[in-house]
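This report concerns only the one structure given below.
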Amino acid sequence: MFELLAAGLVNVVQIKYLVPLFLGTLAGVVGGALPGVTITMTIIVVLPFTFGLDPLQGLAAMTGVYVGGSAGGLVTAVLLGIPGTPSAIATTFDGHPMARKGEPGRAIWTGIWASLFGGLLGGVFLIGTTGPLAAFALRFGPWEFFSLFVLALSMVAGLVGSSLLRGLLSGMLGLIVTVLGNDPIFGTPRLTLGISWLEGGVPFLPVLIGVFAFAQIMSDVERMGGAAGLGEAVDRGASMAVSHARVVWDILSRPFLLLWSSVIGVIIGVLPAIGGSAANMMAYDQAKKFSRRPEKFGSGIPEGIIASESANNANVGGSLVTIMAFGIPGDAVTAVMLGALTIHGIQSGPLFISQHPQLAYGIFAAYLLAHPLMVLILGVSTRWMLRIVTVPKAALFPVVLVLCVIGAYALGNAMASVYVLLAFGVLGYAMVKYDFPLAPFILGVILGDQIEINLVRAIMTDSDPWLFVTRPISGALLALSVVSIVAALWQHRRHRRRHGAAEEGADF
Amino acid sequence: MVGRDGIAALVILVASGVLFALTFGLHANPLVPIGPAFYPRIVLGVTAALAVLLLVVDVVAQRRHPAARPEPAAEPLNYRLVLVAFVVFGLYVAALPHLGFRIATLAFVVAFQAVLDPPRTARHWIVVLAIAAATTVVTYFVFERYLSVLLPRGPWTDF
């Protein structure tokens, strides 16, 4: 493992990989800093730029976006009190008060260094566990894969959104998309609805781009026309000077806080569809519970920033584990990365590491190198970010949509994918308005073919349906699915009793 | 009386029903025990069942709280602007294969900016046009010339 990682590092420091990694990290930092532009949107915009690159260049760029975006949100969270991304919400609680007390530099750099340490801890988990998990998954038969995908869907449906029923229906709608057009077992047209270009099936990348881009953009368009303040900004003349030694000591002298927050980030990252926003909030909550001075949280103490920022960057490592070991995306960002792998003809899943070790360890190396690049970019550009975030949305949105169209069109040089983009853009917006979470839908679209293939393979191997339950791993996974649905029901009921009809937004 | 969930459930139920009916036109290979309709029928059947459940839950909720309405948004939402934005984007998609990427994109970026934030001064119009031109030129050169990602060319303009 260490030899492969060293080889990966030597490979990625070449200019041809370092440049896309740097540009991706820069794009991630800028996208993460811009309120209203999520990491998902940023990676969707970067995706078409990777089509002309080789797989490792493209994935290095995307890994850079992910790492940079997870940290970029702290800039506006600290300086404006507005999180650049949902994964920096908890950073505002102590970052902005600390900045307003006259220590903006300390607040920013506490966040940056905490992101670095948390991200590297996430990297240890990523590199150490992906191989063994993939090796374990190689023992899976079609029963186990079917049950694993069902578990992923049921967890997502239950944990995201305000209604279990709507979550499950959203997942089923995603599965319906995959039965249209094409039978993945026999390769014959099926349910094409009389549309000739549907015979190859519905390509999932334009669906993903359409659903997320339009849901985000149109939800912002709804609110346009009002006076949109940027919050109380910290005085631009305030000094950003800081003692790095003091900031690093602030973090390393709280090893339990750093470690526990990173572990929370990693665990949340591994769970499908739950991402940085849950990680930073949960880590903040835990830090407050374990603190000797919980009453100080919210007044501008470093513990709040350390918890939030280390968790949201460690979350990236966790998310990458599930996609690299199992081929299941941990969130929308890794779903887009999965699409990039597919475009380059690479099948993700348990065989990925063994069949493409250079690419896999290249991704690990890119993940590690993205962190010092992130520190460098944030350190140099923090003051300039305040200008960037004032870019008007009326100018930004059409540019984003043009890049989405290019991303969809370039998949097959056919307008069909662009029509899919538009159709699912409308559907995605409708789903948001009717409070159907998008995460289960997308996971259904991504996993649908694999669920069908494994179900049919299992039955054609042995027609006894009880094998799904009696085979130990498969049975355990299905039991966990049931537990996750029951837990979700209990959680939703408890939330309703406390808050009435208050809604919880999806992570994306 | 149905609420928002009930309407969504009915739409999903009807769509599932139509698709389920279409599966009867799928022909199975007699040599293979499982045909192309096997899995879709499971998915569509489960979807329909969940939709019925959602409809029932919604109807029961409406009967318990017949006057319940969603809380009004803190700020009024501009659905008309959303509709216009979708129409503009739809026109862009329709125009792309005919006008080609460069002309359609230039027109789209101008139109979309004008819809979201109508320019009121000559200077603002210049900024709008400059952003549209820059977007078109940069994306064309980066994607088609540098990354060799072919972009649509329009038969009406061959451009």
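Any read-out appearing in this document is the output of simple, stated calculations on the displayed coordinates, not a laboratory observation. What you are looking at is a predicted structure, and each value in this text was computed from that prediction instead of being measured. Note that we place each Cβ from the backbone using ideal geometry, even for glycine, and neighbour counts take in every protein chain shown.
Against the longest principal axis of chain A, how steep is helix A:276-290, in degrees 0 to 90 to the nearest 10, with axes from Cα atoms?
That works out to roughly 50 degrees.
Put +1 on the Cβ of every Lys and Arg and -1 on every Asp and Glu Cβ in chain A; which of A:Leu4, A:Leu376, A:Ser253 then has its Cα farthest towards the positive end of the dipole?
A:Ser253
Using a 10 Å cut-off on Cβ atoms, rank the peptides A:261-271, A:288-298, A:85-95 from the highest mean neighbour count down.
Put in order of decreasing packing, that is A:85-95, A:261-271, A:288-298.
Would you mind getting me the FRET efficiency between B:Ala133 and A:Arg223? Use the beta-carbon distance for r and R0 = 30 Å, nearest 0.05.
E between B:Ala133 and A:Arg223, to the nearest 0.05, is 0.60.
Rounded, prolate or oblate: which fits chain B, taking a ≥ b ≥ c as square roots of the Cα gyration tensor eigenvalues, rounded meaning a/c under 1.5, else prolate when a/b beats b/c?
Since a/c reaches 1.5 but b/c is at least a/b, the shape of chain B is classed as oblate.
Would you mind calculating the relative contact order of the range B:4-64 from Cα pairs under 8 angstrom and at least 6 residues apart, reporting the percent as a whole number?
50 percent
About its Cα centre, what dipole magnitude does the protein assembly as shown give when the only charges are +1 on Lys and Arg Cβ and -1 on Asp and Glu Cβ, stated in debye to the nearest 20?
For the protein assembly as shown, the charge dipole is close to 1200 debye.
Per residue of A:40-49, how many C-beta atoms from partner chains lie within 10 Å of its own C-beta, taken as a mean?
1
Can you find, among A:Gln358, A:Thr130, A:Leu116, the residue farthest towards the positive end of the dipole of the protein assembly as shown? Put +1 on the C-beta of Lys and Arg, -1 on that of Asp and Glu.
Working it through, the farthest residue towards the positive pole turns out to be A:Leu116.
So, counting K/R as plus one and D/E as minus one, what does the shell of residues with Cβ under 14 Å around A:Leu74 add up to?
-1
With contacts defined as alpha carbon pairs under 8 Å and 6 or more residues apart, what's the relative contact order of chain B in percent?
Relative contact order comes out at 22 percent.
What value, in deg cm²/dmol to 500, does the helix sum -39500 (n - 2.57) over DSSP H runs of n ≥ 4 give at 222 nm once divided by the residues of chain A?
Numbers: 21 runs with 365 residues, N = 508.
Roughly -24000 deg cm²/dmol at 222 nm, from the helical runs in chain A.
For B:Val149, enumerate residues with amide H under 5 Å from its amide H, sequence gap 5+ or separate chain, H modeled in the peptide plane.
Hits under the 5 Å cutoff: B:Glu144.
Please work out whether the range B:4-64 counts as rounded, prolate or oblate from its C-alpha gyration tensor, where a ≥ b ≥ c are the square roots of the eigenvalues and a/c under 1.5 means rounded, while otherwise a/b larger than b/c means prolate and anything else oblate?
It comes out prolate by the Cα gyration axes.
How big is D for the range A:1-103, in µm² s⁻¹ as a whole number, if Stokes-Einstein is applied with the Kirkwood radius of its Cα pairs at 20 °C and 1.002 mPa s?
Values: Rh = 14.4 Å.
Roughly 149 µm²/s, to the nearest whole number.
Could you tell me the largest-minus-smallest coordinate of the C-alpha atoms of the protein assembly as shown on each of the three principal axes, in descending order and whole angstroms?
77, 62, 62
Quick one: Debye curve from the C-alpha atoms of the range B:79-146, no solvent, what's log10 I(q)/I(0) at q = 0.13, 0.17, 0.29 Å⁻¹?
Rounded to two decimals, the profile gives -0.39, -0.65, -1.19.
Taking the 0 to 90 degree range and rounding to the nearest ten, how far is the long axis of helix A:472-499 tilted relative to the main principal axis of chain A, both from C-alpha atoms?
50 degrees
What's the angle, to the nearest 10 degrees (0 to 90), between helix B:38-64's Cα axis and the longest principal axis of chain B?
In chain B, helix B:38-64 runs at an angle near 80 degrees to the longest axis.
For A:Arg223, which sequence-distant residues (separation of 5 or more, or a different chain) have an amide H within less than 5 Å of its own amide H, given hydrogens modelled in the peptide plane?
Hits under the 5 Å cutoff: B:Asn78.
Near A:Lys288, which lysines are there with a Cα under 16 Å away, not counting those fewer than 8 places off in the same chain?
A:Lys296
Could you tell me which residue out of A:Gly210, A:Ile176, A:Ile446 lies farthest along the dipole of the protein assembly as shown toward its positive end? Charges go on the beta carbon: Lys and Arg +1, Asp and Glu -1, centred on the Cα centre.
Projecting each Cα onto the dipole axis, the largest value belongs to A:Gly210.
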